[in-house]
Structure formats: C-alpha cells, structure tokens
Amino acid sequence: KAGVTQTPRYLIKTRGQQVTLSCSPISGHRSVSWYQQTPGQGLQFLFEYFSETQRNKGNFPGRFSGRQFSNSRSEMNVSTLELGDSALYLCASSFSSGSKTDTQYFGPGTRLTVL
Amino acid sequence: KQEVTQIPAALSVPEGENLVLNCSFTDSAIYNLQWFRQDPGKGLTSLLLIQSSQREQTSGRLNASLDKSSGRSTLYIAASQPGDSATYLCAGGGGGADGLTFGKGTHLIIQP
C-alpha cells in the first residue's frame, strides 16, 4: 500500500507570494492533518480535515488555510508569505478520527523556503 | 494547554547498549501517546502507539510505556544499532489540544 505522498518536495518563494501544497493520504484514510516543523518551534499542528470538513485548527493566522477533496486528498495554502513561514510542512493521514485514537502516518514533507 | 517535554535532548551511546528515552506531558487527559523517529530531512515514521487505556506496547527491539498518573512515557531500545541513529519524537493526542502535541525530540547517535 502506498504511503502518504506530498508535492512538491521543495519550494522556493519570495515574501508576499502565496503557495499551495498538496497531500495524498494512504488509500482508505479519511483524515488528513497538517503540521509545520521549524528548528525553533518544533512540530506544530495546523489543522485537520475529515470527510472534506475542517475538524480542528491550531493557533496559526488566517493566512494558513486548507481544504480536502472528496477523494481525501488535501491542499494547504499560505497567502502573503513571510520569512518566518520557511519550514518543513508535513501532512499525516489516519483512518478515521485523527489524533484522538489512530496512528498518524506522515508524508516526507514539503520544504518551503521564503526569500 | 498540553506541553510535552523530552529528556535528554541529545544522547550518544556505543552500539549494543540498551537505552531509555523519556517523555513527559502536563495534561493526563490524553487519548494516546505516539513515538516517532525522524531521519535527517525526512518525514516521521510511526514506531508505537499507546492508547490511554494501555500501559505499554512492544515492537521488535522497542518497548514503550505510558503512565498517565505521573504524566510520563518511556521508549526502551534494546541492543542498539547504528541504524537506530535518528531523532525520536513523542507526541500526545488529545489532552485538551487539537492535533498531536509534540516534544522537541531526542537526537540519538549510536556509535559503531
């Protein structure tokens, strides 16, 4: 069974631009969560989607948004990029209810660099 | 607000030793505790998941325990190998937080 895939793997953007990252979960998984990883803050939860609905949201500004499609694939969008948005963005999928009961399976991440 | 702490931040041991990584959390109302490893520049690999009703889980040379009353979890690695070198992260699910709350990790080096 294929694992979680994320595209693109690397991105370089400039301040003020916007970016869209994509995540395809493991087949049959309906929950997708997004995390930001930086050297200073570590891994921080962004949001979780289940059956096309945002279930939970972390403490990030409104510039960070996401959506989930009927095939469970998810996209994350960051508008008006700032230098501090440079990070590794990880998505994780699970079968049903996300972090509360199921094992989270992570993708390889998208490395975003903002210049 | 759930906070997760991992001690030590870094650890270097010779090959073959048994070792213990520690994880503590502030809110005992967690649903589960997961251990992951992360290799440089890579995503996270799930190692073990302990539900709140369980006390421990085992997979091969790895054993993880959970003590909700004391707010602690440990990951025991038996007969360490150079391939075990990685950053090990623990994360709590629930506990008043949305999503997983991660510790900063323990950077482990196994010397050949």
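The values are calculated or read from the model by the stated rules, or taken from the named source; none is laboratory data. Note that the structure is a prediction, hence the values are computed from the model and not measured. Ideal geometry is used to build each Cβ from the backbone, glycine not excepted, and the neighbour counts take in all protein chains shown. Quick note on the areas: whole protein, heavy atoms, side chains included, nothing else; ligands and nucleic acids left out. Shrake-Rupley method; radii C 1.70, N 1.55, O 1.52, S 1.80 Å.
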* Computed lengthening from A:Ser96 to A:Arg63, 0.36 nm per intervening residue step minus Cα-Cα distance -> 9.2 nm
* Classify the range B:37-112 as rounded, prolate or oblate, taking a ≥ b ≥ c as the square roots of the eigenvalues of its Cα gyration tensor: rounded when a/c is under 1.5, otherwise prolate if a/b is larger than b/c and oblate if not. => oblate
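So in chain B, what percent of DSSP beta bridges are antiparallel if you round to the nearest 5? Present the calculation step by step, with values, prior to reporting the outcome.
Numbers: 41 of 46 bridges.
Looking only at bridges with both residues in chain B, the antiparallel portion is about 90 percent.
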* Structure fact -> Rounded to the angstrom and largest first, Cα extents along the principal axes for the protein assembly as shown equal 49, 37, 36
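With +1 assigned to the C-beta of every Lys and Arg and -1 to the C-beta of every Asp and Glu, and no other charges, what is the dipole magnitude of the range A:1-103 about the Cα centre in debye, to the nearest 20?
On the way: 11 positive and 6 negative charges, 19 e Å.
The calculated dipole for the range A:1-103 is roughly 100 debye.
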* Within a 10 angstrom radius of each residue's Cβ in A:85-91, how many Cβ atoms of other chains show up on average? Whole number is fine. => 1
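For chain A, what is Rg from Cα atoms divided by 2.2 N^0.38 Å, rounded to two decimals?
So the Cα radius of gyration is 0.99 times the expected 2.2 N^0.38 Å.
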* Give me a single rounded figure for B:100-109: the average over its residues of other chain Cβ atoms within 10 Å of their Cβ. => 3
* What residue among B:Pro40, B:Pro82, B:Pro14 has the largest mean-square fluctuation in a Gaussian network model of chain B, using Cα springs under 10 Å? -> B:Pro40
* Asked: Given H placed 1.01 Å from N in the peptide plane, which residues other than close sequence neighbours of B:Ile109 have an amide H under 5 Å from its amide H?
  -> B:Leu11, B:Ser12, B:Val13
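Do you know the relative contact order of chain A, to the nearest whole percent, from alpha carbon pairs under 8 angstrom that are 6+ apart?
This gives 36 percent for chain A.
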* How much length is gained if the chain between A:Gln54 and A:Thr38 is pulled fully straight, taking 0.36 nm per residue apart and subtracting their Cα-Cα distance, in nm to one decimal? -> 3.4 nm
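Calculate the dipole size of the protein assembly as shown relative to its Cα centre from +1 charges on Lys and Arg beta carbons and -1 charges on Asp and Glu beta carbons; express the result in debye to the nearest 20. Let's see the in-between values first.
On the way: 20 positive and 15 negative charges, 102 e Å.
Once rounded to the nearest 20, the dipole reads 480 debye.
Starting with the highest mean, order B:29-35, A:88-94 by the number of other Cβ atoms within 10 Å, averaged over the residues of each peptide. It would help to have the intermediate numbers written out before the result.
On the way: B:29-35: 22.7, A:88-94: 25.4.
Per-residue Cβ counts within 10 Å, averaged per peptide and sorted highest first, yield A:88-94, B:29-35.
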* To do: For A:Asn71 paired with B:Gln51, estimate the spin-label separation in nm (one decimal), with each label point 7 Å from Cα along the Cα-to-Cβ line.
  => 3.3
* To do: Give me the percent of the accessible area of chain B that comes from carbon and sulfur atoms, probe 1.4 Å, all protein chains in place.
  => 49
* Structure fact -> Label model pair B:Asp39, B:Lys1: point-to-point distance (7 angstrom along the Cα→beta-carbon line) in nm is 3.5
* To do: Note the full-extension length gain between B:Thr26 and B:Leu11 as 0.36 nm times their separation in residues minus their Cα-Cα distance, in nm to one decimal.
  => 3.1 nm
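How much net charge surrounds B:Pro82 when only other residues with a Cβ under 15 Å from its Cβ are counted (Lys, Arg +1; Asp, Glu -1)? Present the calculation step by step, with values, prior to reporting the outcome.
On the way: positive: B:Arg37, B:Arg61; negative: B:Glu15, B:Glu17, B:Asp39, B:Asp84.
Result for the neighbourhood of B:Pro82: -2.
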